[in-house]
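The values are calculated or read from the model by the stated rules, or taken from the named source; none is laboratory data. Here the structure is a predicted model, which means the values were calculated and not measured. Backbone-built Cβ (ideal geometry, glycine too); neighbour counts: all protein chains shown.
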Amino acid sequence: MLRKQPYFSHCLAASLFAIAMAAGSSACCADDLPPEERTVLLDLYHSTDGAHWENRDGWSTPDDEDTPPCTWHGVICEEHWRHVQKLALGSNGLSGELPPHLAALSELRSLALAGNRLSGAIPSLAGLRKLEYLDLSRNQFGGRLPDLGDLVAMQSLHVADNRLEGPLPSLDAMPHLQFLVIADNRFEGPLPSLVALRELKELSASGNRFSGTLPALAGMALLHDVFLESNAFEGALPPLENLPELRYLRLGNNRLTGHIPDLAGAPNLQELDVHGNRLDGAPPRPPPRMASARLCPNDLAHPSADPRSDSRWNAITKTTPWWRDCAGH
């Protein structure tokens with residue numbers, strides 16, 4: 001028995017320690033959210049008709065202080081349940097307006113509310129300096145996009161398919177932005193400079209009312225997709241130099257003039273769409289990997305001096321001759 005006593009004592013101590021840890025964990029994680037964060041969640045529920053959400057697990061009794069918000073559907077907290085890090089309530093039947101004080105969620109990394117019926121203005125995003133992912137697409141938001149100056153950690157910004165209008169605010173505060181998806185709104189005026197966005201991979205701004213000249217693209221080494229069709233851009237196409245990752249370039253249905261620039265700086269370009277502009281001159285030689293293109297209608301001239309280029313464009317556009325629907329041949 002004497003030999004068994006240490007083993008028993010060890011097991012008892014271990015059991016007591018495990019119980020204490022479990023109790024401590026339960027105590028720390030029951031509801032350690034700051035009151036202001038819980039208030040934002042409650043306001044979100046009440047202002048977006050929470051009683052009619054498709055999934056409101058945990059939210060059904062949001063005023064019950066014994067229900068930890070970190071267990072509610074779509075609420076993801078950091079390890080110790082002290083702050084909300086993600087809200088994932090996409091396609092969940094939210095309707096109405098967002099509460100005005102989202103900045104109280106100071107540790108928020110991701111806000112995903114796409115595919116609901118949210119309306120009104122997007123509230124201020126000031127103070128959300130850790131926000132990396134914002135998806136408010138496919139809603140009914142109107143008015144102007146708020147200032148983006150505090151979104152210094154932003155990597156992926158999606159507000160497509162809304163009713164947003166006015167000029168786009170400066171993008172300079174988001175050096176880590178990789179995806180800018182703002183298509184199918186009513187934005188107008190010039191597209192802001194992209195110079196600060198050295199990590200940008202996708203620029204999707206088609207179906208708006210942007211005007212002025214196209215932004216400079218040269219040297220954006222990670223840029224993969226550029227979708228700027230169906231706007232009111234004018235002037236010449238920018239140089240397409242040092243764009244090794246560019247795959248898709250869609251600029252159709254604008255008011256662009258001048259020549260199509262040399263495409264050698266985009267060796268991996270697979271699709272080019274410049275139809276419905278006022279471009280002239282002969283198109284350059286297509287890159288080796290290009291598989292699809294729309295060149296006409298435009299005022300492009302037949303490049304009779306380069307029959308091999310003609311043949312390639314015929315195959316790529318699936319039109320023989322490729323200039324058949326252009327006015328300038």
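Being touching a residue at least 24 places away in the same chain (Cβ under 8 Å) and not acidic (Asp, Glu) is true for just one of Pro267, Pro261. Which residue is that? It would help to see each step written out before you state the result.
Values: Pro267 fails: touching a residue at least 24 places away in the same chain (Cβ under 8 Å).
Just one listed residue meets the conditions, Pro261.
From the list Pro297, Pro267, Pro261, which residue is under 23 Å from Gln178 (Cα atoms) and modelled with pLDDT of 95 or more? Even if it seems obvious, please write down each step before you answer.
Values: Pro297 fails: under 23 Å from Gln178 (Cα atoms); Pro261 fails: under 23 Å from Gln178 (Cα atoms).
Exactly one of Pro297, Pro267, Pro261 is under 23 Å from Gln178 (Cα atoms) and modelled with pLDDT of 95 or more, namely Pro267.
Within region 110-141, work out how many residues are touching a helix residue (DSSP H, G or I) at 6+ places or on another chain (Cβ under 8 Å) and free of Cβ contacts under 8 Å to residues at least 24 places away in the same chain.
Filtering region 110-141 for residues touching a helix residue (DSSP H, G or I) at 6+ places or on another chain (Cβ under 8 Å) gives 111, 123-128.
Pick out the ones that are also free of Cβ contacts under 8 Å to residues at least 24 places away in the same chain and you get none.
Residues in region 110-141 being touching a helix residue (DSSP H, G or I) at 6+ places or on another chain (Cβ under 8 Å) and free of Cβ contacts under 8 Å to residues at least 24 places away in the same chain: 0 in total.
Restricting attention to region 245-300, which residues are closer than 22 Å to Ser211 by Cβ, in a loop (DSSP other than H, G, I, E, B) and small (Gly, Ala, Ser)?
Answer for region 245-300, where residues must be closer than 22 Å to Ser211 by Cβ, in a loop (DSSP other than H, G, I, E, B) and small (Gly, Ala, Ser): Gly252, Gly276.
Would you check if there is a residue in region 41-58 being among the β-branched types (Val, Ile, Thr) and within 30 Å of Pro175 (Cα to Cα)? I'd like the intermediate steps shown before the answer.
Taking region 41-58 first, the residues among the β-branched types (Val, Ile, Thr) are 48.
Going one step further and asking which of them are within 30 Å of Pro175 (Cα to Cα), we end up with none.
Scanning region 41-58 turns up no residue that is among the β-branched types (Val, Ile, Thr) and within 30 Å of Pro175 (Cα to Cα).
Do you know which residues across region 101-113 are surrounded by fewer than 21 Cβ atoms within 10 Å (Cβ to Cβ) and part of a loop (DSSP other than H, G, I, E, B)?
His101, Ser106, Glu107, Arg109
If you go through region 231-247, how many residues are surrounded by 20 or more Cβ atoms within 10 Å (Cβ to Cβ) and closer than 23 Å to Gly189 by Cβ? Please lay out each step first, then the result.
Step one: filter region 231-247 for residues surrounded by 20 or more Cβ atoms within 10 Å (Cβ to Cβ), giving 231, 233, 237, 240, 243, 246.
Pick out the ones that are also closer than 23 Å to Gly189 by Cβ and you get 231, 233, 237.
Selection size over region 231-247: 3.
When you scan region 143-155, do you find a residue that is at pLDDT 95 or above, over 12 Å from the mean Cα position of the chain (by Cα), surrounded by fewer than 21 Cβ atoms within 10 Å (Cβ to Cβ) and over 21 Å from Leu200 (Cβ atoms), even just one?
Keep residues of region 143-155 that are at pLDDT 95 or above, which gives 143-155.
After this cut, where a residue has to be over 12 Å from the mean Cα position of the chain (by Cα) as well, the list is 143-153.
Subset that is surrounded by fewer than 21 Cβ atoms within 10 Å (Cβ to Cβ): 143-144, 146-147, 149-150, 152-153.
Among the residues that remain, those that are also over 21 Å from Leu200 (Cβ atoms) are: 143-144.
Within region 143-155, one or more residues are at pLDDT 95 or above, over 12 Å from the mean Cα position of the chain (by Cα), surrounded by fewer than 21 Cβ atoms within 10 Å (Cβ to Cβ) and over 21 Å from Leu200 (Cβ atoms).
Search region 147-160 for residues that are under 17 Å from Leu105 (Cα atoms) and pair each with any residue that is not polar (S, T, N, Q) and not in a loop (DSSP other than H, G, I, E, B) when their beta-carbon atoms are under 9 Å apart and the residues are at least 6 apart or on different chains.
Once the first residue is under 17 Å from Leu105 (Cα atoms) and sits in region 147-160, its partners that are not polar (S, T, N, Q) and not in a loop (DSSP other than H, G, I, E, B) give Leu148/Leu157; Asp150/Ala103; Leu151/Leu134; Leu151/Leu157; Met154/Tyr133; Met154/Leu134.
(1) in contact with a His (Cβ under 6 Å, 6 or more places away or on another chain); (2) in contact (Cβ under 8 Å) with a residue 40 or more places away in the chain: which one isn't true of Glu107, the others all being true?
(2)
Residues Glu188, Glu229, Glu234, Glu202: which one is touching a Phe, Trp or Tyr at 6+ places or on another chain (Cβ under 6 Å), of a type outside the set (Ser, Thr, Tyr) and within 29 Å of Cys296 (Cα to Cα)? Break it down into steps so the answer makes sense when it comes.
Numbers: Glu188 fails: touching a Phe, Trp or Tyr at 6+ places or on another chain (Cβ under 6 Å); Glu229 fails: touching a Phe, Trp or Tyr at 6+ places or on another chain (Cβ under 6 Å); Glu234 fails: touching a Phe, Trp or Tyr at 6+ places or on another chain (Cβ under 6 Å).
Just a single option satisfies the conditions, and that option is Glu202.
Tell me, which strands (runs of 3 or more DSSP E) lie completely within region 151-222 with 3 or more residues that are closer than 24 Å to Lys130 by Cα?
Numbers: elements: 156-158, 163-166, 179-181, 186-189, 202-204, 209-212.
Of the strands (runs of 3 or more DSSP E) lying wholly inside region 151-222, those with at least 3 residues that are closer than 24 Å to Lys130 by Cα span 156-158, 179-181, 202-204.
Given Ile122, Ile76, which one is in contact with a Phe, Trp or Tyr (Cβ under 8 Å, 6 or more places away or on another chain), β-branched (Val, Ile, Thr) and at pLDDT 95 or above?
On the way: Ile76 fails: in contact with a Phe, Trp or Tyr (Cβ under 8 Å, 6 or more places away or on another chain).
It is Ile122.
Is it fair to say Ser119 is farther than 25 Å from Leu197 by Cα, hydroxyl-bearing (Ser, Thr, Tyr) and surrounded by 15 or more Cβ atoms within 10 Å (Cβ to Cβ)?
On the way: farther than 25 Å from Leu197 by Cα: yes; hydroxyl-bearing (Ser, Thr, Tyr): yes; surrounded by 15 or more Cβ atoms within 10 Å (Cβ to Cβ): yes.
In short, yes.
Within region 211-221, which residues are buried (at least 16 other Cβ atoms within 10 Å of the Cβ) and either touching a residue at least 40 places away in the same chain (Cβ under 8 Å) or among the aliphatic types (A, V, I, L, M) (or both)?
If the condition is that a residue be buried (at least 16 other Cβ atoms within 10 Å of the Cβ) and either touching a residue at least 40 places away in the same chain (Cβ under 8 Å) or among the aliphatic types (A, V, I, L, M) (or both), then Leu214, Leu217, Met220 are the ones that fit.
Please work out which residue is surrounded by the most Cβ atoms within 10 Å (Cβ to Cβ), limiting yourself to region 51-90 and to residues that are at positive phi and in contact with a strand residue (DSSP E or B) (Cβ under 9 Å, 6 or more places away or on another chain).
At the first step, the residues of region 51-90 found to be at positive phi are 58, 74, 81.
Restricting the remaining residues to those that are in contact with a strand residue (DSSP E or B) (Cβ under 9 Å, 6 or more places away or on another chain) gives 58, 74.
Details: Gly58: 17, Gly74: 21.
Per the criteria, the residue is Gly74.
Kindly establish whether Arg56 is basic (Lys, Arg), closer than 13 Å to Pro34 by Cα and in a loop (DSSP other than H, G, I, E, B).
Values: basic (Lys, Arg): yes; closer than 13 Å to Pro34 by Cα: no; in a loop (DSSP other than H, G, I, E, B): yes.
So Arg56 fails the test.
Identify, please: which residue in region 30-49 is closer than 14 Å to Val75 by Cα and in contact with a helix residue (DSSP H, G or I) (Cβ under 8 Å, 6 or more places away or on another chain) and is, among those, modelled with the lowest pLDDT?
Asp31
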